[in-house]
Structures are given as structure tokens and as C-alpha cells.
Number of protein chains: 2
Amino acid sequence: MGEKGISKAVIKRLPRYYRYLGELKDSGVERISSGELSKRMQVTASQIRQDLNNFGGFGQQGYGYNVNFLYEEIGKILGLDKRHNMIIIGAGNLGQALANYGNFESRGFITKAMFDQKKELRGTTVRGIPVYDISQLESYLKENDIQIAAMAIPKAGAVQVAQTLVSCGIKAIWNFAHTDLNLPKDVMVENVHLSESLMRLSYKINSCKLK
Amino acid sequence: MGEKGISKAVIKRLPRYYRYLGELKDSGVERISSGELSKRMQVTASQIRQDLNNFGGFGQQGYGYNVNFLYEEIGKILGLDKRHNMIIIGAGNLGQALANYGNFESRGFITKAMFDQKKELRGTTVRGIPVYDISQLESYLKENDIQIAAMAIPKAGAVQVAQTLVSCGIKAIWNFAHTDLNLPKDVMVENVHLSESLMRLSYKINSCKLK
């Protein structure tokens with residue numbers, strides 16, 4: 001694999017390529033040129049060629065990209081050819097929204113269990129996924145093979161929960177709590193800070209008005 | 001304002017500065033050096049100085065930054081000193097999660113109404129916020145002063161809803177639907193593509209294992 005030293009910016013764009021290629025594949029398109037892909041994705045053709053060259057250049061001059069092959073290859077690079085078992089900490093609205101996304105499952109992300117501190121949620125299910133009491137988290141992780149933990153909980157208890165997850169061997173955290181977790185370097189964290197996203201929108205509105 | 005030509009990367013970091021400064025303020029800290037802020041935020045002190053110099057350099061050599069002043073100034077840059085009225089399209093789990101975030105309100109983002117196509121949701125409320133039928137969207141927007149629309153709906157109807165929003169004068173969309181909206185350039189869009197975020201996490205796990 002020629003993936004060493006790929007910039008974060010390229011990696012950030014890969015899921016978007018994957019999405020567009022998936023849509024092309026679903027609509028029966030077999031080949032696409034960087035020019036056509038450029039029009040659809042509103043990215044320059046030269047950026048597309050540069051980005052995809054990072055992975056060994058799947059395109060051929062005058063022929064274009066083989067959509068299915070490229071879709072599969074990018075899928076492999078993203079690890080989507082593997083199954084990842086996931087748990088969700090927090091069974092409130094956001095946790096339930098995550099549990100209800102059926103298409104995570106079709107990409108290999110299987111939610112096995114949810115955990116919450118609210119006693120009234122214990123024993124309930126979301127789309128068939130059981131909700132356990134947070135006190136059962138450690139024993140559950142010891143007995144089950146889980147790779148990813150999504151944290152859909154408020155900031156207050158988040159750092160402590162993250163430490164528990166890490167002490168139980170979790171190496172990948174999808175963090176929706178609005179705080180930085182400061183975990184060991186071998187733990188992968190992907191943050192989704194919704195209020196920061198809303199502030200960026202507010203910045204755009206505000207800076208647009210100033211012009 | 002010296003904000004012309006500020007890079008996207010700096011703007012992306014501003015909400016994080018705002019969060020840390022808010023926490024410092026809440027814990028009674030009045031001044032902080034770029035060195036101390038650097039330790040807390042795990043960003044180099046020189047990056048902090050560079051970033052904050054974009055806004056006129058609020059720091060003083062040997063004195064540090066005035067936390068409250070910097071917090072307020074960054075807040076203004078982000079437009080958080082203004083009130084933004086918001087609606088949420090989609091009153092499912094995700095829409096409800098957004099409606100339930102009380103701290104959006106404390107930053108000036110006031111959710112006034114929600115819209116859904118499910119008849120059984122019509123007439124319900126979420127934290128006091130009324131849910132209307134999606135058919136009422138256009139008339140609602142004509143009669144009310146709304147600046148931001150959050151779209152917490154699936155991909156399928158998203159492009160059409162976005163066009164309706166834009167035709168009713170909405171200039172800022174917070175988009176959770178997993179598709180690009182391709183709107184006129186004067187419409188600000190902030191995308192939150194959850195499945196792409198999950199794929200980036202999967203990439204990190206996968207590329208880590210390959211090493």
C-alpha cells in the first residue's frame with residue numbers, strides 16, 4: 001500500500017470520493033474521467049488526479065477511472081471491508097439517532113450495545129440493540145469484542161468514561177461530548193463537536209455581512 | 001476588523017479557542033500566557049500567537065492574554081454576540097437531539113420551530129418548541145424572521161427541502177443530510193456528515209494496524 005505520508009486533507013476527502021463513487025456505481029456508471037468527476041464533486045480535475053494518485057493511480061489516460069474498482073479500493077483504504085463492532089455510550093436522543101442509522105451497518109459498523117446511566121432506560125432496546133446500565137460497561141467490554149465506542153453523552157462525565165473505555169482496551173473513540181479527551185496517542189479519537197460546527201456557520205453569516 | 005484573508009484552518013480553530021477561554025473564565029482565570037494556553041490546548045504556543053494575531057493581537061508581551069477580553073472578542077468574530085433564530089427540519093432523534101441542546105441557546109441560537117413530514121408529530125413539542133407539518137414551512141418562513149435552518153433529515157428529500165429554504169430567503173443551512181446541496185454561493189452551508197466522520201475513524205484504525 002502506498003499510504004505512507006498521505007496528508008490529513010486527502011484522508012478527509014476520501015469518504016466524499018467514496019460517497020460519489022457509490023452513487024455512480026448504484027446508477028450503473030462503470031467508468032468516469034477525472035473531468036466528469038470534477039464537475040459532479042465541484043473539485044478541480046487536477047486535485048482529483050493528485051488525490052487518487054496517492055493510492056497508486058487507478059486511472060488510465062483517455063479511459064478514466066473504473067468506478068467499481070476505485071470504490072472498492074477506497075473502501076479498503078477506509079477499512080470498510082472489515083467488520084467493526086461498536087457500542088454507544090448514551091442512549092438519549094443523539095445516541096438513539098446513531099443507533100438508528102441503518103447505513104452504518106451496511107458499511108460494516110455494527111452497534112452491539114448501548115449504555116446509559118438512566119435507570120429507566122435499562123432493559124429497553126433501540127432498533128433491537130439492548131441498552132445496559134453504565135455500571136455494566138467494564139464487564140461487557142471484557143466479555144465482548146468491541147473496536148469502537150461512540151460517546152453521545154454530555155461533557156461532564158465524558159473524560160472519566162473515556163478513561164474507563166481505554167482501560168478496557170478500546171482504541172477508537174467517536175466523541176460527541178464537547179470536550180477534548182486527552183487520551184494516550186495509540187487511542188484514535190474522532191471528534192464531532194456540534195456547537196463548534198454551529199459557530200463556524202455563525203462565523204460565515206457574520207463575516208459575510210461585514211463585507 | 002482585520003479579518004480579511006483569514007485562512008479556513010484558523011477559523012476552524014476559533015471555536016476551540018472560544019471553548020477553552022470560556023472554561024478558563026468560568027474557573028476564575030483572568031490572564032493566561034500563550035505558553036500556558038499551549039499546554040492546555042496541546043497546540044504550540046507559536047501557533048496560538050499566530051492565530052490570535054490574525055485578530056489584531058490581543059496579547060501583551062510578558063503579561064499574557066486577558067481571558068475575558070479575548071473570549072468576548074472571539075465571540076464577536078464568531079457572531080455569538082448576535083441572536084440567530086433557527087428552525088430544525090426533521091423532528092426525529094437527531095432533530096430532537098439538536099432541539100434539546102440547551103447550550104446552543106446560551107450562545108444566541110434560538111430554535112423557534114421544527115418541521116417534519118410525519119403526521120403524528122404535528123402539534124407535538126420538544127422542550128417547548130412546536131413541531132409543524134413540513135407543508136407549513138414556506139408560510140412559516142414568510143411570517144417569521146429566521147436566519148438558520150438545520151436539516152436533520154435523510155438524504156432523499158434533502159436537496160428539494162434546501163431549495164425551498166433558499167427560495168424563502170434562508171442564507172445559512174446546517175446540513176446533516178448525507179449529500180451535497182449545491183446551493184447558490186451566497187448561501188452558507190456547514191455540513192455535518194456523520195458517516196464520513198465514522199469512516200475517518202475507521203481509516204485511522206485501519207492505517208494504524210497496517211504499520
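A few notes on this one:
- Nitroxide proxy distance, nm - points 7 Å out along Cα→Cβ at A:Gln47 and A:Ser167: 4.5
- Over chain A: helical MRE at 222 nm, DSSP H runs n ≥ 4 each giving -39500 (n - 2.57), nearest 500: -13500 deg cm²/dmol
- Within chain A, antiparallel bridges make up roughly 20 percent of the DSSP beta bridges whose residues both belong there.
- Among B:Ser34, B:Pro15, B:Gly64 - extreme Cα towards positive end, dipole of region B:8-77, charges at beta-carbon: B:Pro15
- Restricting region B:65-109 to trypsin sites (Lys or Arg not before Pro) that sit in a DSSP loop and have at most 16 other Cβ atoms within 10 Å of their own Cβ leaves B:Lys82, B:Arg83.
- Taking Cα centre as origin and charging only the Cβ of basic (Lys, Arg, +1) and acidic (Asp, Glu, -1) residues, the dipole magnitude of the protein assembly as shown rounds to 660 debye.
- The calculated FRET efficiency for A:Asn103 paired with A:Tyr140, based on their beta-carbon distance and R0 = 30 Å, is about 0.75.
- Among the residues of A:165-172, the average count of other protein chain beta-carbon atoms within 10 Å of the residue beta-carbon is 1.
- Loop-located trypsin sites (Lys or Arg not before Pro) in region A:109-138 (DSSP state not H, G, I, E or B) with no more than 13 neighbouring Cβ atoms inside 10 Å: A:Lys118, A:Arg127.
- For region A:84-196, the dipole from Cβ point charges (+1 on Lys and Arg, -1 on Asp and Glu) about the Cα centre works out to 140 debye, to the nearest 20.
- Sorted from closest to farthest, the other copies place their B:Lys112 label points 4.8 nm away, with each point set 7 Å from Cα along Cα→Cβ.
- Out-of-range pairs (alpha-carbon distance over 27 Å; input A:Lys204/B:Lys155; A:Lys8/A:Lys76; A:Lys119/B:Lys39; A:Lys76/B:Lys39): A:Lys119/B:Lys39; A:Lys76/B:Lys39
- More than 38 Å apart - percent of Cα-Cα pairs taken over the protein assembly as shown: 25
- Inter-copy separations for B:Ser46, label at 7 Å along Cα-Cβ, nm, ascending: 3.0
- Neighbouring Cβ atoms from other chains, within 10 Å of the Cβ of residues in B:90-103, number 4 on average.
- Mean separation of Cα contacts under 8 Å, 6 or more apart, over the residue count of chain B: relative contact order %: 13
- DSSP-defined antiparallel bridges as percent of all bridges, region A:84-196, nearest 5: 10
- Of all DSSP beta bridges confined to the protein assembly as shown, the antiparallel ones make up roughly 20%.
- Comment: the Cα-to-Cβ extended label point of A:Asp145, at 7 Å, lies 6.0 nm from its counterparts in the other copies, nearest first.
Bear in mind that the values in this text are calculations on the coordinates, not laboratory data. The structure presented is a predicted model; accordingly, all values stated were derived computationally and were not measured. With ideal geometry, Cβ positions are generated from the backbone for all residues, glycine too; neighbour counts draw on all protein chains shown.
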